[in-house]
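Enquirer: Mind having a look at this structure? Questions to follow.
Read the figures in this text as sums done on the coordinates, not as results from a lab. What you are looking at is a predicted structure, and each value in this text was computed from that prediction instead of being measured. Glycine gets a Cβ as well: all are built from the backbone with ideal geometry, and neighbour counts include every protein chain shown.
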Amino acid sequence: MVTQEIELNDALARAGIAAWETDLAELIVQLGDDLPSHILVPAIHRNRTEIRDIFRRAMGGAGRPAPTDLSDEPRALAEAARLHLREKFLRARVAISGANFAVAETGTVMVVESEGNGRMCLTLPDVLITVMGIEKVVPAWRDLEVFLQLLPRSSTAERMNPYTSMWTGVAPGDGPRAFHLVLLDNGRTDTLSDPTGRQALRCIKCSACLNVCPVYERTGGRAYGSPYPGPIGAILTPQLRGIARHPVDAQTASLPYASSLCGACFDVCPVRIDIPEVLIHLRGQVVRQHGWRARIGSDEALLMAGLGATFRSPRRLAAAERAAGLAGRFVGRSGRIGRWPAPGMLGRWLRFRDLRVPARRSFRAWWRSTGGDEGAGR
Amino acid sequence: MTHRPATAGDPAREAILDAIRRAFPDRRPVEVPREYERAGGGTRSGREIVDRFAERVAEYRATVVRTGPYGLSRTIAARLAERHLRRLVVPDGVPAEWLSDAAVEIIRDEPPLSLADLDATDAVLTGCAIAIAETGTIVLDAGPDQGRRALSLLPDDHLCVVRGDQVVDGVPDALARLDPRRPLTWISGPSATSDIELDRVEGVHGPRNLTVLIVGE
Ligand code: SF4
């Protein structure tokens, strides 16, 4: 994930180095020349037949080809990937890994996984390079007792994931002979300096918030335009890309709006990140960044500006209330305003929704003429 | 390129630490609430802990075999025969008694095998450092009866011997007993993936078959 964030594979390719993904789903994404769509299951947008076709077409160019009679059974596909990658693991001299946690107190780095490709990378090649965001560091060894119980349960609903590896430097006669740890900032200290936004750095990438998000469910992960899809991506990506300091590209600026603010993500998050709060905070930043032009550029912005002006003055509010009461009498039918060919946003809105007809007389007008005496002036 | 560990005075290290300090100048030490079950907090007896471990490992689709101390070598031999395993690699510290009944080719990892030779074996037999009942986990720490990490990774069958007194109650108990300076591998069932249509398949890269042999009275 973090290597995708820094586009390491592209940089390696430009330097003439062949880098191969070893996670089954990442391999499917790489061979299909594609983008990941989920934190935990990055190839969830591909069905078994597509995966078989990708393997048949692309494995040969990358190394050991897929068997010609490869079926689309998940077991057979996993076996093909196993054989294809085993050959690479036995020959690779350098591996690059990410990390889930690191411990400041002991210098230990840790990878949590299911398939064993992580163990292969951490154990077989001569040189191991681990690239890790600085937010992965926890203070003490015993803090792992919290996260090792939290992560698998929130991520895959297992009591424990199949493999967890922990290492502290190199071990003579066991595993790589050289270990390099790259601690990555790339926008994280900027994120840390924002008192509201910094909670996004608590994320342990369990993907629970993706699985419950109605927006993610409709759009899929690739719409988020970054390796971090779903609700967490909507608050993390804009911050890592510097939204607090300078305007960002249109897709990134749209991410804080990719939410109905239903709050399901906040409910499931094991580290209690208030994602809706950060989304609203970032929306404010987008508006400020894009200035006045963005504020009056849309019907919605125009409407809000008009409402703001109206609510600011009691006189204008009274006039608007009178006008609304009068207008309602003309366009309303049996107490409702239905489909009505109004221009712009109002017309589009009314195509699918009814409005209640505004009261003929506003509360304030009634109060002025009756002094609050019930029954009077009906 | 020269070897350049990040030490005090290193410009890259100073730059990143400085950026963190500037980003969060008003930080204070936090008190972490630890109201969960800590090490030593469990109330289960030794027997209950071992039973629970056996049950939870089995839920991962691993094979669990329980045996008394005198039946271990026969149990190992029976399991090797049942799985039709012929070439067994063992770390140098595995006691000879474990293997006295095994009718298979036994390859000691001493001197260490090449990766290709290791890949050509059928199975590995190891001990473990500890095991965790709550999560059905075995933990290897590269001790003499476990060997280097590659041993329990390349062969397709892993047989792991767990003594009853090695099983602890929960994850905090395990962390309290493990040495972070050793390379640690936590194993909870065989390798698995759900990457294709969320259909669970055992075994992508690690051993596809895990047999846990629990030795108790
Ligand atoms: S934001 Fe919370 S729920 Fe979402 S991936 Fe991160 S830790 Fe999991």
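Enquirer: How far is helix A:230-240 tilted off the main Cα axis of chain A, in degrees rounded to 10, range 0 to 90?
Expert: 80 degrees
Enquirer: Mind pulling the angle between the C-alpha long axis of helix A:275-297 and the longest principal axis of chain A? Nearest 10 degrees, somewhere in 0 to 90.
Expert: Taking Cα atoms only, the helix is inclined about 60 degrees.
Enquirer: If r is the Cβ-Cβ distance from A:I280 to A:R329 and R0 is 45 Å, what FRET efficiency results, to the nearest 0.05?
Expert: Here the calculated transfer efficiency is 0.75.
Enquirer: List, in order, the whole-Hz ³J(HN,Hα) value for each residue of segment B:67-81 obtained from phi through the Karplus relation with A = 6.51, B = -1.76, C = 1.60 and θ = phi - 60°; use x for Gly and Pro.
Expert: Those phi angles translate into 8, x, x, 7, x, 4, 5, 5, 5, 4, 4, 5, 5, 4, 5 Hz.
Enquirer: State the Kirkwood hydrodynamic radius of segment A:317-370 in Å, one decimal place, computed from all pairs of distinct Cα atoms.
Expert: Value: 12.0 Å, from the Cα pair sum.
Enquirer: Which GluC sites (Glu not before Pro) in segment B:18-101 pass both tests, a DSSP loop state and at most 12 other beta-carbon atoms within 10 Å?
Expert: B:E31, B:E35
Enquirer: Using alpha carbon centroids, what distance separates segment A:205-276 and segment A:34-110, in Å?
Expert: Using only Cα atoms, the two centres lie 26 Å from each other.
Enquirer: Turning to a different aspect of this structure: Where in segment A:141-156 does the label zone of A:N186 land, with the point 7 angstrom along Cα→C-beta and an amide N cut-off under 16 Å?
Expert: Zone members listed by number: none at all.
Enquirer: Compute for segment A:90-198: radius of gyration divided by Kirkwood radius, i.e. Rg/Rh, restricted to C-alpha atoms, rounded to two decimals.
Expert: 0.99
Enquirer: Here's a follow-up. Could you give the nm distance between label points at B:R47 and A:L303, where each point is 7 Å from its Cα heading toward the beta carbon?
Expert: Roughly 7.1 nm, to one decimal.
Enquirer: Using a 4.7 Å Cβ cut-off, which Cys residues in chain A lack a partner cysteine?
Expert: Those would be A:C121, A:C203, A:C206, A:C213, A:C262, A:C269, since no other cysteine Cβ in chain A comes under 4.7 Å of theirs.
Enquirer: Right, next: For chain A, what is the calculated [θ] at 222 nm in deg cm²/dmol (nearest 500), taking -39500 (n - 2.57) for each run of four or more DSSP H residues and dividing by its residue count?
Expert: -14000 deg cm²/dmol
Enquirer: Just the number, please: Stokes-Einstein D of chain B in µm²/s, Kirkwood Rh from C-alpha pairs, 4 °C, 1.567 mPa s.
Expert: 66 µm²/s
Enquirer: For a quick check, take a GNM of chain A with Cα springs below 10 Å and name the residue from A:E79, A:E300, A:E115 with the largest mean-square fluctuation.
Expert: A:E300
Enquirer: Another one. Of the trypsin sites (Lys or Arg not before Pro) in segment A:224-325, which ones lie in a loop per DSSP and count no more than 13 other C-beta atoms within 10 Å?
Expert: For trypsin sites (Lys or Arg not before Pro) across segment A:224-325 that sit outside H, G, I, E and B with at most 13 neighbouring Cβ atoms in 10 Å, the list reads A:R245, A:R272.
Enquirer: Here's something else I'd like to know. To the nearest 10 degrees, how steeply does helix B:11-23 sit against the main Cα axis of chain B, on a 0 to 90 scale?
Expert: Compared with the principal axis, the helix lies near 70 degrees.
Enquirer: Under a GNM of chain B (C-alpha, springs under 10 Å), which listed residue has the highest mean-square fluctuation: B:G189, B:G127, B:G71?
Expert: Taking springs between Cα atoms under 10 Å, the residue moving most is B:G71.
Enquirer: Measuring from label point to label point, each 7 Å out along Cα→Cβ, what is the A:A15 to B:A120 span in nm?
Expert: 3.5 nm
Enquirer: Right, next: Which whole-number value in Å³ per residue fits the convex hull of the alpha carbons of the protein assembly as shown?
Expert: Value for the protein assembly as shown: 228 Å³ per residue.
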